[in-house]
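S.K.: This structure is in C-alpha cells; I'll ask about it shortly.
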Amino acid sequence: MIFIRKIKSGIFHFYVFVKKIETNTQAYFAEKSVSKWLSKINKDSPKVLIGANVLKPNGVDFHIHAIHELSRRNTHLIPSDTILNKIRFNDFFKNYIDKINPLSNSTLHSHVYPNYINWCYDKKLKNPNIKWIHTYHLHYYNDHGGGEVLDWQKEFNRNFIEVASKADVKISVSKWQQIFYKEKFNIDTLYIPNGVDVVKCDKANADVFYKKYGLKNFILNVSRHDPVKNPKEFVLLAQAMPEYNFVIIGNGLTKELFKEHYNTSAPKNLTILAKMSQLEVQHAIAASSCLVSNSKREGLPTLILEGMAQSKAVVVSNEPGSMEAIDHGKYGYFYELGNIQDLKNQTLQALKDTIKPVKARQRVLVEYDWQVVIKKLDRLYNA
C-alpha cells in the first residue's frame, strides 16, 4: 500500500510539474506576442488607437470593430483581438497599456470603458498635441440595474461626466443623447450615429436559418437575461398571440429562467434559442416576418437598424433611442412599455405593413450605413 501511495504521489507531482512548465511556456509566448505587438504599435505612425476592445459580442464591440475594419486611416484596436486571446483584459491594462507611447500625430478614440478613458486622459495631459475623441454610447440608468444604478455603473457614469468630457471631440451616437448630455451636464457633443453594415445584412440568408432550425415566418426578438432588455414582455406577447410563431435568441434565456426569475411561462408557440454569432442573427432576421424590441433603454439600437436594413417590419418600445431609430413611427411601430395589449396591436399592424419596411431600408442607407458613417469619422480623424 505504501508503495502504491508513493507511485500516486509521484504521478501527482509529475502532473503538477508538467502543468507548471505548460503555464510558464504559455506565459513566455504570450509575453513575446505582446512585446512584438507593442513594438509595431509604437513604430506605426500616424495612427488611430481605438479602445477599449473587450472581444465580446455586444453593440459597442461591434461598433469599434467596424471602425477598425472600414476606416481608411491606420487604426489599431487596443488591445487587439490577438492579444486578448493570449492575456486577460485586466492584465493588459495592469501590465502593458502604459508601454504604448502615442506620438503627437496620433488620435485616441475611447468608448465606454474607464480604464481606457483614463489612459487617454493621461496621454492627452502629457502631450496636448495628441487628438482625443470620445464616443458616448449610453448613460446608465436605474433600468440597467433592475431598479437602481449599480456601483460599477455609477463609476462608469462618473467617468463619462468627469473624465471623458475632457476629450477634444465628444460624439453622441443618437440625437436624443446629444440633447441629454447638453441639458443634464452641459457637455457639447457631435452627432455621429451607430452604423449598420448593409453589405453584411444583404448577405443574410433565410434558408440557412431554416435548414438549421426548421423555422421561418416568425416574430423575432434578440435579447439576453438583463432587466434593461426586458425579455419578459416578449414572452407575454407570445402568450397573447398563440396563433403566431415566436423566436427569442439570447444568452442565458431558458424556460426555467422565465419561470423562476420573470414569473411567467414560455408558451408552446415560443422557441428559445441560445446566443448566436452576428452572422447567424442576420440569417434569423432574414427568416423572420417581424422584429420586436422590448428594451427599456437604448443609445441607438443597432439590431433594429439591421432589421430595417433588411426591409423587415419592426416594433419597438417607446424609449428614446428606439423611437429615434424609427423616427417616432414613420419607419416602424412603437408601443407603450408595459402595455401588452398595445404591443399586440402594434405587432399585428406591423405584420400587415408592406410600405414602412421599404422606406425604413432607405432611411438606413442614407443615414446609418457604415459606408456613410465611416466617412464622417474619417473626416474627424483627418482634421
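S.K.: What Kirkwood hydrodynamic radius do you get for segment 48-191 when you take the inverse of the mean 1/r over all pairs of distinct Cα atoms, in Å?
M.R.: Evaluated over segment 48-191, this radius sits at 15.8 Å.
S.K.: P(r) for segment 48-122: what percent of alpha-carbon pairs falls in each 10 Å bin, starting at zero?
M.R.: 19, 57, 24, 0
S.K.: Suppose every Lys and Arg Cβ carries +1 and every Asp and Glu Cβ carries -1, with no other charges. What dipole size does the chain come out with about its Cα centre, to the nearest 20 debye?
M.R.: Numbers: 53 positive and 37 negative charges, 265 e Å.
I would put it at about 1280 debye.
S.K.: Taking amide hydrogens as modeled 1.01 Å from N in the peptide plane, which residues meet the under 5 Å criterion relative to residue 136, leaving out close sequence neighbours?
M.R.: The list, which skips near neighbours in sequence, is 171, 172, 173.
S.K.: Here are some pairs, 47/126; 47/123; 123/154; 255/275; 56/131; 275/330; which of them have Cα atoms lying more than 20 Å apart in this structure?
M.R.: The answer is 123/154; 56/131; 275/330.
S.K.: For n ≥ 4 DSSP H runs only, could you compute -39500 (n - 2.57) per run for the chain, divide by its residues and tell me the 222 nm figure to the nearest 500?
M.R.: -15000 deg cm²/dmol
S.K.: Can you give the three extents of the C-alpha atoms in segment 198-368 along their principal axes, from longest to shortest, in whole Å?
M.R.: 44, 36, 29
S.K.: Over all distinct Cα pairs, what is the inverse of the mean 1/r for the chain, reported as the Kirkwood hydrodynamic radius in Å?
M.R.: 22.9
S.K.: Just want to confirm a number: the relative contact order over segment 246-342, from Cα pairs under 8 angstrom separated by 6+ residues, in percent.
M.R.: Taking the mean separation of contacting Cα pairs over the length of segment 246-342, I get 20 percent.
S.K.: Once you keep just the Cα pairs under 8 angstrom separated by 6 or more residues, what percentage relative contact order results for the chain?
M.R.: Once normalised by length, the contact order is 13 percent.
S.K.: Per residue, what volume in Å³ does the Cα convex hull of segment 234-286 take up? If you can, show how the numbers build up before the last one.
M.R.: Working: hull volume 3.8 nm³, N = 53.
Hull volume over Cα atoms, normalised by residue count, gives 71 Å³.
S.K.: Taking loop as defined by DSSP and a crowding limit of 15 other beta carbons within 10 Å, which trypsin sites (Lys or Arg not before Pro) in segment 290-339 fit?
M.R.: Numbers: sites: 296, 297, 312, 330; in loops: 296, 297, 312, 330.
Hits after loop and neighbour filter: 330.
S.K.: To one decimal place, what orientation-averaged projected area in nm² is obtained for the convex hull of the Cα set of segment 144-279?
M.R.: The directionally averaged projection comes out at 11.2 nm².
Since every read-out is calculated from the coordinates, none of them should be taken as a lab result. What you are looking at is a predicted structure, and each value in this text was computed from that prediction instead of being measured. A quick note on method: Cβ atoms are made from the backbone with ideal geometry, for glycine too, and the neighbour counts reach across all protein chains shown.
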